[in-house]
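Report on one structure; see the data block that follows.
The values are calculated or read from the model by the stated rules, or taken from the named source; none is laboratory data. Note that the coordinates shown come from a computational prediction; the quantities given were computed from them, not determined experimentally. Methodologically, a virtual Cβ is constructed for each residue, glycine included, from the backbone with ideal geometry; neighbour enumeration extends over all protein chains shown. These accessible areas exclude ligands, DNA and RNA; they are computed on the full protein's heavy atoms, side chains included. Shrake-Rupley method; radii C 1.70, N 1.55, O 1.52, S 1.80 Å.
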Amino acid sequence: MNLRSYNTFKIDAKSNDFIEITKEEQLQSIIPTTDHLLILGGGSNILFTEDPKEKIIYINTKGIKVLEESSNEIFLEVAAGENWHDFVLWCVDHNYGGIENLSLIPGNVGTCPIQNIGAYGVEVKDVITQVNFFSIETGKKQSLSNENCHFGYRNSIFKNELKGKTIISSVIFKLSKGKHHLNRNYGIINQRLDELFPNLPVDIKKISQAVISIRSEKLPNPKEIGNAGSFFKNPVITEKAFSELQKKHPDIPNYPALNGVKVPAGWLIDQLGLKGFQYGGAAVHKKQALVLINHSGQAKGTDVYKLAKEIQGKVKEFYGINLEIEVNIYPNSFSF
Ligand code: NAP
């Protein structure tokens, strides 16, 4: 089985052991197990640098269930295999608010809690009440409340203590109905709303459309060019390191963060003139330096990885900053 259509980088990788899960019950014939499994959702955050040897569990369960609702809020349980952006559009169409700023983020509902996806001032942790999952070791179904998911910036318990130990089956969201809190803290959102809908009242649908407009302008569509969205995390550096850096680069963009100052990784890469830079069949996207692409359509996973290493080296050499990779590199990022 070729995994090319199961990873958004469109990298050729072969699997001899691939199971598609369309119903939760199917998992009972696979877990508990001590075997190493590779859980695949939308394939939007993985780079295969070799053929996986593990059994691949492809989560393709569907369904949105209303658990509870009142005049101003609704609780929805959503199957892990639902596409994230389709779910956002469904909510916007039904006038359920809270995730409109997260439009067009790649991936599936089941993977959204793992890295606590976020964009334009909203994080998915703001609307998740519970995550349901199966323990691979015991086969038992369990759940964690929002508080116990230990959400942080692009982080959660599923990337740490529970890494490789669970299969997320569904996520419960609490969304607003009727009266919504519109998050317009990011200047670019207001700017785009003014351009697209001058003098019109703003609602969740318009925010979603503004986000889609901004993102589609600079991000390549994975259906046309293989990519996995942002390849690197935006580094957070100490105040001291930042003031040193600012002396050398007075125009460096910066944002306050929990433990220091957040610096856009895309800017650092762009300043080094690396937009369009290629290695084998891989390249830095010309419109957004944070995105690496399968430029030729025939790139190998190792081309992308070597390109990433080259970028990390140059950023370290020039700014003294360690750029961390956000995408899971197979096999390096997996604790098998
Ligand atoms: P961008 O808009 O060029 O911004 C780059 C960085 O600057 C991000 O780290 C962003 O913080 C920060 N930033 C920009 N304006 C800010 C403000 N007004 N206040 C605080 N921080 C600000 O980034 P981009 O790469 O094109 O991405 C756009 C948005 O999508 C960002 O919010 C980004 O985080 C998000 N995104 C999320 C995922 C994911 O969850 N997997 C993947 C790709 C992009 P924040 O990161 O805190 O927003």
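Things to note:
- Among the residues making up segment 188-244, a single one is of a type in the set (Asp, Glu) and within 12 Å of the ligand (Cβ to nearest atom): Glu217.
- For segment 263-294, filtering for residues that are surrounded by fewer than 20 Cβ atoms within 10 Å (Cβ to Cβ) and more than 18 Å from the chain's Cα centre (by Cα) leaves 14.
- Which numbered condition Ile57 fails, given (1) hydrophobic (A, V, I, L, M, F, W, C); (2) within 16 Å of the ligand (Cβ to nearest atom); (3) open to solvent by less than 10 Å² (accessible area, probe 1.4 Å): (2)
- Leading residue by the ranking (farthest from Asn83 (Cα to Cα)) among those in segment 1-48 that are in contact (Cβ under 8 Å) with a residue 60 or more places away in the chain and hydroxyl-bearing (Ser, Thr, Tyr): Thr34
- Checking each residue in segment 229-261 for being within 24 Å of Ser216 (Cβ to Cβ) and either surrounded by fewer than 20 Cβ atoms within 10 Å (Cβ to Cβ) or hydroxyl-bearing (Ser, Thr, Tyr) (or both) picks out Ser230, Lys233, Pro253, Tyr255.
- Tallying residues that are surrounded by fewer than 17 Cβ atoms within 10 Å (Cβ to Cβ) and without any contact (Cβ under 8 Å) to a residue 60 or more places away in the chain within segment 315-336 yields 4.
- Elements of type strands (runs of 3 or more DSSP E) in segment 108-216, at least 3 residues being open to solvent by less than 40 Å² (accessible area, probe 1.4 Å) and of a type in the set (A, V, I, L, M, F, W, C): 128-135, 166-177
- Whenever a residue of segment 96-113 is closer than 18 Å to Ser230 by Cβ and of a type in the set (S, T, N, Q), its partners that are more than 8 Å from the ligand (Cβ to nearest atom) and in a helix (DSSP H, G or I), lying with C-beta atoms within less than 7 angstrom and at least six residues away or across chains, give the pairs Asn101/Ile207; Asn101/Val211; Ser103/His85; Ser103/Val88; Ser103/Ser208; Ser103/Val211; Ser103/Ile212; Asn108/Trp84.
- Taking first residues from segment 233-262 that are over 12 Å from Ile321 (Cα atoms) and assigned to a strand (DSSP E or B) and partners that are within 10 Å of the ligand (Cβ to nearest atom) and of a type outside the set (A, V, I, L, M, F, W, C), the Cβ contacts under 6 Å between residues at least 6 apart in sequence or on separate chains come to Tyr255/Lys262; Val261/Asn254.
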